[in-house]
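The values are calculated or read from the model by the stated rules, or taken from the named source; none is laboratory data. Small disclaimer: the values here were computed from a predicted structure and weren't measured. Here the Cβ positions follow ideal geometry from the backbone for every residue, glycine too, while neighbour counts run over all protein chains shown.
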Ligand SMILES: [Zn+2]
C-alpha cells in the first residue's frame with residue numbers, strides 16, 4: 001500500500017497544477033495543454049539572448065576562464081525550466097525553475113566575486129567556489145523539505161551582490177560604466193516591480209484585463225542579467241586581465257542607445273608578454 005501511495009505521490013508532483021503557485025494570467029486561455037500561455041512563450045527569450053551573450057562574451061571568457069560560459073549556458077536551462085513550469089504549473093516545474101536561478105547566481109558568485117573582498121579565512125578562488133558550492137547544495141536539499149529556503153538564499157545572494165556592486169561603483173568615474181550600472185539597476189527594479197505587481201496586485205490587473213506582467217518580468221530579467229553580468233564581468237576583467245585592456249561596447253551597434261553590452265579586449269596576449 002505504502003508503495004502505491006508513494007508512487008502516486010511521485011506522479012503527483014509532475015501533474016498539472018500540482019504547484020501551490022498560480023500566476024495572474026488566466027489558465028488554459030489559449031491552449032488546453034499550456035496552463036499559462038504568455039508566461040510560457042515569454043520564457044523563450046532566454047533561448048534568444050543566451051546564445052548571443054555566449055558569443056559576445058567569448059573573447060573575454062577565452063582570455064579569463066572558459067568556465068564563465070557556464071552562467072549563460074545555465075540561463076538556457078532557466079528558460080527551459082521556466083517554460084516547463086508555466087506550461088504545467090507542476091511542483092517539479094516550480095522547483096526546477098527556482099533552483100536553476102539559485103545555481104546561476106551561485107555560479108556567477110563563485111566566478112566573479114572580487115578576490116579582494118573574500119573573507120580572511122579564504123585564500124583563493126577555488127576554496128571560495130567550493131564554499132559557494134556547499135551552500136548551493138545545502139539550499140537545494142533543504143528546499144525539498146522547505147521550498148521557501150531557496151527564496152531566502154536567492155535574496156541573500158542577490159542583495160549581497162547588489163551591495164558589493166554599489167561599493168565598487170562609489171569610486172568609479174568612467175561614464176560608460178556608470179551608465180551601464182544605472183541601466184542594470186533600473187531594469188532590475190522594473191523587472192522586480194512587474195513580478196511583485198503580478199503576484200500581489202492581480203485583481204487590479206484582471207480588472208484592466210492585462211495579466212501579462214509575469215511574462216514581461218521574464219523578458220526584463222533576461223535583459224537585466226545581460227546588463228548586470230556584463231558590468232560585473234567588465235569590473236572583473238579590469239582586476240584579473242588588465243593587460244587585455246578591456247572596454248565596453250554594445251551589440252549590434254555601439255552608437256545605438258539600446259543593445260546588448262559586451263566586453264571587447266583591445267590589448268592582446270602579446271602586450272602582456274612585452275610588459
Ligand atoms: Zn516565471
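Listed residues 125, 115; which is out of contact with any helix residue (DSSP H, G or I) (no Cβ under 6 Å at 6 or more places or on another chain), farther than 21 Å from residue 215 by Cα and in contact (Cβ under 8 Å) with a residue 60 or more places away in the chain?
115
Within the range 20-34, take every residue that is surrounded by 14 or more Cβ atoms within 10 Å (Cβ to Cβ) and within 12 Å of the ligand (Cβ to nearest atom) and give me the one that is farthest from residue 203 (Cα to Cα).
It comes out as 21.
Sort out which residues of the range 51-65 are in contact (Cβ under 8 Å) with a residue 60 or more places away in the chain and either under 19 Å from residue 221 (Cβ atoms) or within 16 Å of the ligand (Cβ to nearest atom) (or both), and write them in order of number.
52, 53, 56, 57
Mind checking which pairs have a first residue in the range 252-270 that is in a loop (DSSP other than H, G, I, E, B) and a second that is at pLDDT below 95, Cβ under 6 Å, 6 or more apart or different chains?
Matching pairs, first to second residue: 259/250; 259/251; 266/245; 266/247; 267/243; 267/244; 267/245.
Return the only residue of 202, 253 being surrounded by fewer than 20 Cβ atoms within 10 Å (Cβ to Cβ) and farther than 30 Å from residue 35 by Cα.
Just a single option satisfies the conditions, and that option is 253.
Search the range 205-219 for residues being more than 16 Å from residue 104 (Cβ to Cβ) and assigned to a helix (DSSP H, G or I), and hand back the single one that is farthest from the ligand (Cβ to nearest atom).
In this case the residue turns out to be 207.
Being part of a helix (DSSP H, G or I) and touching a residue at least 24 places away in the same chain (Cβ under 8 Å) is the filter here; which residues of the range 137-161 pass it?
139, 140, 143, 144, 150, 151, 153, 154, 157, 158, 161
Take the conditions in a helix (DSSP H, G or I), touching a helix residue (DSSP H, G or I) at 6+ places or on another chain (Cβ under 7 Å), in contact (Cβ under 8 Å) with a residue 60 or more places away in the chain and within 16 Å of the ligand (Cβ to nearest atom) and apply them to residue 188. Does it pass?
Answer is no for this residue.
Taking the residues in the range 84-101 that are near the ligand (Cβ under 9 Å from one of its atoms) and either in contact (Cβ under 8 Å) with a residue 40 or more places away in the chain or touching a strand residue (DSSP E or B) at 6+ places or on another chain (Cβ under 8 Å) (or both) as candidates, determine which candidate is farthest from residue 139 (Cα to Cα).
Per the stated criteria, the residue is 86.
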